[in-house]
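**Student:** My questions will all concern the structure given below.
Any read-out appearing in this document is the output of simple, stated calculations on the displayed coordinates, not a laboratory observation. These numbers were taken from a predicted model, which means no experiment stands behind them. Positions of Cβ are generated from backbone atoms using ideal geometry, with glycine treated the same way; all protein chains shown enter the neighbour counts.
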Amino acid sequence: MSTPSFVIGIAGGTGAGKTTISRLVTRNVEDAVTRIPLDNYYVDRSDLTFERRRELNYDHPDAFEWDLLHTHLETLVSGQPIEMPQYDFETHDRTSERVRVEPTEVIVLEGILALYDADIRGLLDLKVYVETDADVRILRRIRRDVGDRGRDLDGVIDQYLSTVKPMHERFIEPSKRHADLIIPEGANSVAVDLLAGKLRMEIEDSGDGDRDTEATSIESPIGGDGSS
Ligand SMILES: Nc1ncnc2c1ncn2[C@@H]1O[C@H](COP(=O)(O)OP(=O)(O)O)[C@@H](O)[C@H]1O
Ligand SMILES: O=c1ccn([C@@H]2O[C@H](COP(=O)(O)O)[C@@H](O)[C@H]2O)c(=O)[nH]1
């Protein structure tokens, strides 16, 4: 167990590439990094039926349990472990499982509104916003939500137009002004390598970590095999 010396927040719209970037920048230093998906802090709505949960707005700040996230980040930063909630996108529900997370040298908080809350921002040493065009993001989201999250095309389109897009414009995009670093076009390989280097430096400064490096290669901008 270590006391974290560096906390990064990675925000950006749905499908921007936040998860991909946080995986890429931490891939050679995994033992020294704790990744906290903001999604795990969606408010527990297991009191509602599935039908009702399906209609909720998951892109408004009120959908998240900020106090719990703040407490957990503070706990990790103070060198103590947390019991992190887990979230199931297929059922739109927090699961009964909790995962024990030990503090490491670096913490990466990643999610659509990772830069939204002022108290959370106060705990971040580096604030990153991933900026990717809306058309690329919706194409990625369709592929992911239909393929991995149990949705159908009409459902993804309805949700996008009714809540995802308006909340993006109202809350997510404006949070970009808090960023120290804006990464254009998702997993931009130059930005990923710079960020990975920064992480390695922080880890080395705190006296631990695997220092191997690997070049970053980026596939087609909407995933798949890149063929047309
Ligand atoms: N630069 C990229 N090139 C190709 N596919 C990407 C890229 N970045 C992300 N993707 C794909 O797009 C989808 C959404 O990316 P993800 O990182 O989960 O976005 P976010 O976490 O911002 O919602 C995933 O299927 C991922 O593999
Ligand atoms: O129950 C839920 C919870 C969230 N969502 C959608 O997920 C995205 C955030 O995840 P990303 O990985 O950043 O795309 C958000 O836009 C919500 O609309 C959901 O559909 N159902």
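**Student:** May I have the convex hull volume per residue, in Å³, for the Cα set of region 13-54?
**Tutor:** Once divided by residue count, the hull of region 13-54 is 98 Å³.
**Student:** Next question. Multiply the residue gap between Thr75 and Leu139 by 0.36 nm, knock off their C-alpha separation, and tell me the result in nm, one decimal place. Intermediate values should be presented prior to the final figure.
**Tutor:** Details: separation 64, 0.36 × 64 = 23.04 nm, distance 3.74 nm.
Working it through step by step, the gained length comes to 19.3 nm.
**Student:** Amide H to amide H, which residues 5 or more places from Glu110 or on other chains are under 5 Å from it, using H placed in the peptide plane?
**Tutor:** Ile10, Ile36, Leu38
**Student:** Follow-up. Taking the Cα centroid of region 1-61 and of region 121-137, what is the distance between the two, rounded to the nearest whole Å?
**Tutor:** 12 Å
**Student:** Something else about it: Sketch the reach of a paramagnetic label on Glu90 as a point 7 Å from Cα along Cα-to-Cβ, and name the residues of region 147-186 whose backbone nitrogen lies under 18 Å away.
**Tutor:** 147-153, 155-156
**Student:** Right, next: Semi-axes of the equivalent ellipsoid of region 73-126: what are they in whole Å, largest first, if each equals the square root of 5 times a C-alpha gyration tensor eigenvalue?
**Tutor:** 22, 17, 8
**Student:** Ratio of alpha-carbon Rg to the 2.2 N^0.38 Å globular estimate for the chain, to two decimals, please.
**Tutor:** Taking N as the residue count of the chain, the ratio is 1.00.
**Student:** For the chain, what is the percent of antiparallel DSSP beta bridges, rounded to the nearest 5?
**Tutor:** If we restrict to bridges inside the chain, about 25 percent are antiparallel.
**Student:** To continue, here is another question. When a/c is below 1.5 the answer is rounded, else prolate if a/b is larger than b/c, else oblate, so apply that to region 30-103 with a ≥ b ≥ c taken from the square roots of the Cα gyration tensor eigenvalues.
**Tutor:** prolate
**Student:** What residue among Asn57, Val77, Val29 has its Cα farthest toward the positive end of the dipole of the chain, where the charges are +1 on Lys, Arg and -1 on Asp, Glu, each on the Cβ?
**Tutor:** Checking the options against the dipole of the chain, the answer is Asn57.
**Student:** Taking the Cα centre of the chain as origin, sum charge times position over the Cβ atoms of Lys and Arg (+1) and Asp and Glu (-1), and report the length of that vector in debye to the nearest 20.
**Tutor:** It comes to approximately 420 debye.
**Student:** Given labels modelled 7 Å from the Cα in the Cβ direction, how far is it in nm from Arg149 to Glu83?
**Tutor:** Here the modelled spin labels are 2.8 nm apart.
**Student:** Identify all lysines with a Cα-Cα distance to Lys198 below 27 Å; exclude those on the same chain that are fewer than 8 residues away in sequence.
**Tutor:** The qualifying lysines are Lys18, Lys127, Lys176.
**Student:** Given a 10 angstrom Cα cut-off, can you work out which residue in Glu90, Glu110, Glu202 is the most mobile in a GNM of the chain?
**Tutor:** Ranking Glu90, Glu110, Glu202 by mean-square fluctuation puts Glu90 first.
**Student:** Just Val25, Val130, Val43 to compare: in a GNM of the chain, with alpha carbon springs under 10 Å, which one fluctuates most?
**Tutor:** Val43
**Student:** Find the relative contact order for the chain and round it to a whole percent, using C-alpha pairs within less than 8 Å whose residues are 6+ positions apart.
**Tutor:** Value for the chain: 34 percent.
**Student:** Anyone know which of Ser189, Ser206, Ser162 comes out most mobile in the 10 Å Cα GNM of the chain?
**Tutor:** Ser162
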